[in-house]
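Colleague: Here it is, the structure, as C-alpha cells.
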Amino acid sequence: MKSLQIQNTAFNTILSSFQGWLGVQLYATDTVYNMPIHLREFFHYLEAKGHEGIEYITTNLVTEYYEYLSSRKNKTRGGALSNGSLNKHQQSLKLFLKYLKEHSANFNFGVHLRTEKMNDIDVKDILSINQMKQLFEACSYSHISSRYQLRDKAMLVILYSCGLRRNEAVMLDISDVKFDEKLIHVRFGKGNKERKVAINDYNLRILEDYIFEARPKFYKSKTSEALFINKNGKRLLGKSYTDRLGAIIEATEDEDIQSKHITLHGLRHSIATHFLQSGMKLEYIQRFLGHDSLESTQRYVQIVNLLEDE
C-alpha cells in the first residue's frame, strides 16, 4: 500500500501533514507509521473514482470504499483482508476525521459503517498454561548465550505475564519497572494512554535477573534507557521480538506448540483467556489489558466457552 502512487498534490500534502499531526499527538510509533499508509490507499481510491479533493468525501463514498476493501485480496498473503486489517483501515479514517476537525475543517462523514469486531482469534492458537510453561522453560536453551536466554524469558514476562502489546513492550524503559511498587508503568499505551500493571514476585525476579545480570553484558548497555536492547545497545524493535518468539517456539521442540500460529499479540490473548478461566472478573481483565470498553474484553468469554466445549 505504501507504494501506491498518488498524483494529486493536495492529497500528498495532506498525507504529510496528517503523519506530522499523529507524531505531535504522541500516538504510538506503529500508528504514526501505518495510519498514513492506510489513508494513502483511500486517497488512491478517490483518484481512481475521479475525485480531486477531500470535499468529495461523503458517508456513502466511505461505505463504498469499505465494501471495496472487504472484497479486495490481501496483497501480502492472498485471500481476503482479515477483520483486523479492515479495522485498521477504518481506524485510519476515524483519525483522519479527527485531524480534519482539529484543523477546523467542516467535515462529518460517517466512519462507523459496519463495525467489524475482532472475532478473528483462532481458538486453536490459544496456548494452554502448560504450553506457556514450556515456552518459559525453552528460554533456557533458546540461544547459545545466557544473556539472550535471560532476555527471552524477561520478554515473555512482559508480553504474556503482564499482557503488554508489542509497541508497549518496545517503548518500556528500565525505570518503568517499579520494583518497590511491584508494577510495570506502561507510558505509551494504545491511544497514548498510560496504565500500571501489577507484577508478582516471581516475574519480578526474572526481570531482575535480566536487568542486573544479562543486560549489562550487551554492548553499550549503559548508553540506552530502553529495557530491552539489541546486540548494538539500541532499543529492541518489533521484528526482533517476533524473531525471538520464533526461536523460543522452535526451542520447545513440541509439535503441538509449533503447529499453532503464535504471535506476540497471541500471548496477550492467552493470558486474558487464562485469567478468565481462573475466575477473574472481566472488569479487572479490562483494566489489565488497557481496553477502552468492556466489549473488547468480552470476546474472551466466547473463547473460554469454545475451549470448554472441545
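Colleague: Give the residues of segment 172-187 that are in a loop (DSSP other than H, G, I, E, B) and at pLDDT 95 or above, sorted by residue number.
Modeller: Within segment 172-187, the first condition is being in a loop (DSSP other than H, G, I, E, B), and the residues that meet it are 172, 179-182, 187.
Scanning segment 172-187 gives Leu172, Phe179, Asp180, Glu181, Lys182.
Colleague: Any idea which of (1) part of a loop (DSSP other than H, G, I, E, B); (2) within 20 Å of Asp30 (Cβ to Cβ) is the one Gly246 doesn't satisfy?
Modeller: (1)
Colleague: Also: Yes or no: Tyr65 surrounded by 13 or more Cβ atoms within 10 Å (Cβ to Cβ), assigned to a helix (DSSP H, G or I), modelled with pLDDT of 85 or more and outside the structural domain of Phe212 (by TED's automatic domain parsing)?
Modeller: Here the answer is yes, as Tyr65 does meet what is asked.
Colleague: Can I ask one more? Working only within segment 143-189, note down all residues that are among the aromatic types (Phe, Trp, Tyr) and under 16 Å from the mean Cα position of the chain (by Cα). Break it down into steps so the answer makes sense when it comes.
Modeller: Of segment 143-189, the ones among the aromatic types (Phe, Trp, Tyr) are 148, 160, 179, 188.
Tyr160, Phe188 - these are the residues of segment 143-189 that are among the aromatic types (Phe, Trp, Tyr) and under 16 Å from the mean Cα position of the chain (by Cα).
Colleague: Going by the conditions given, is Tyr210 more than 18 Å from Gln134 (Cα to Cα), in contact (Cβ under 8 Å) with a residue 12 or more places away in the chain and more than 24 Å from the chain's Cα centre (by Cα)?
Modeller: On the way: more than 18 Å from Gln134 (Cα to Cα): yes; in contact (Cβ under 8 Å) with a residue 12 or more places away in the chain: yes; more than 24 Å from the chain's Cα centre (by Cα): no.
When the stated conditions are applied, Tyr210 does not pass them.
Colleague: May I pose another question? Test each condition in (1) farther than 30 Å from Phe218 by Cβ; (2) free of Cβ contacts under 8 Å to residues at least 12 places away in the same chain; (3) in contact with an Asp or Glu (Cβ under 9 Å, 6 or more places away or on another chain) for Gln258 and report the one that comes out false.
Modeller: Failing condition for Gln258: (1).
Colleague: Here's another thing I want to ask about it. Which residue pairs have Cβ atoms closer than 7 Å, lie 6 or more positions apart in sequence or on different chains, and pair a first residue in segment 127-141 that is surrounded by 15 or more Cβ atoms within 10 Å (Cβ to Cβ) with a second residue that is hydrophobic (A, V, I, L, M, F, W, C) and not in a helix (DSSP H, G or I)?
Modeller: Within 7 Å, the pairs are Leu127/Ile262.
Colleague: If you check Ser293, Ser259, Ser278, Ser221, which single one turns out to be small (Gly, Ala, Ser), under 18 Å from the mean Cα position of the chain (by Cα) and assigned by TED's automatic domain parsing to the domain that holds Phe188? Quick ask: steps written out before the conclusion?
Modeller: Values: Ser259 fails: under 18 Å from the mean Cα position of the chain (by Cα); Ser278 fails: under 18 Å from the mean Cα position of the chain (by Cα); Ser221 fails: under 18 Å from the mean Cα position of the chain (by Cα).
None of the others qualify; the one that does is Ser293.
Colleague: Only one of (1) of a type in the set (D, E, K, R); (2) modelled with pLDDT under 85; (3) closer than 30 Å to Leu164 by Cβ is not met by Glu52, so which one is it?
Modeller: The one condition Glu52 does not meet is (3).
Colleague: If you don't mind, there's one more thing I want to ask. Do you know which residues across segment 53-62 are of a type in the set (A, V, I, L, M) and either in a helix (DSSP H, G or I) or touching a Cys at 6+ places or on another chain (Cβ under 7 Å) (or both)? Talk me through it step by step, then tell me what you get.
Modeller: The initial filter retains those residues of segment 53-62 that are of a type in the set (A, V, I, L, M), namely 54, 57, 61-62.
Listed by number, the residues that qualify are Ile54, Leu61, Val62.
Colleague: Further question: Starting from residues that are among the β-branched types (Val, Ile, Thr) and under 22 Å from the mean Cα position of the chain (by Cα), keep the ones in segment 243-256 and report whichever is farthest from Ser142 (Cα to Cα).
Modeller: Within segment 243-256, the subset among the β-branched types (Val, Ile, Thr) is 248-249, 252.
Restricting the remaining residues to those that are under 22 Å from the mean Cα position of the chain (by Cα) gives 248-249.
Details: Ile248: 5, Ile249: 8 Å.
By that ranking, first place goes to Ile249.
Colleague: Here is a follow-up. Only one of these is assigned by TED's automatic domain parsing to the domain that holds Val301, under 24 Å from Tyr33 (Cβ atoms) and surrounded by 16 or more Cβ atoms within 10 Å (Cβ to Cβ): Leu183, Leu204, Leu264. Name it. Walk me through how you get there before you give the answer.
Modeller: Values: Leu183 fails: under 24 Å from Tyr33 (Cβ atoms); Leu204 fails: under 24 Å from Tyr33 (Cβ atoms).
Of Leu183, Leu204, Leu264, the one residue that is assigned by TED's automatic domain parsing to the domain that holds Val301, under 24 Å from Tyr33 (Cβ atoms) and surrounded by 16 or more Cβ atoms within 10 Å (Cβ to Cβ) is Leu264.
Colleague: Checking Leu26 against (1) at negative phi; (2) modelled with pLDDT under 85; (3) under 21 Å from the mean Cα position of the chain (by Cα); (4) surrounded by fewer than 14 Cβ atoms within 10 Å (Cβ to Cβ), which test does it fail?
Modeller: All conditions are met except number (1).
Residue by residue, here is whether (1) over 19 Å from Thr31 (Cβ atoms); (2) touching a Cys at 6+ places or on another chain (Cβ under 9 Å) holds:
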site	(1), (2)
Leu156	yes, yes
Ser161	yes, no
Ile174	yes, no
Glu181	yes, no
Ile184	yes, yes
Lys190	no, no
Lys193	no, no
Val197	yes, yes
Asn203	yes, yes
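The values are calculated or read from the model by the stated rules, or taken from the named source; none is laboratory data. What you see is a predicted model; the values in this text were computed from it and never measured. In this analysis, Cβ positions are derived from the backbone assuming ideal geometry, glycine residues included, and neighbour counts consider all displayed protein chains.
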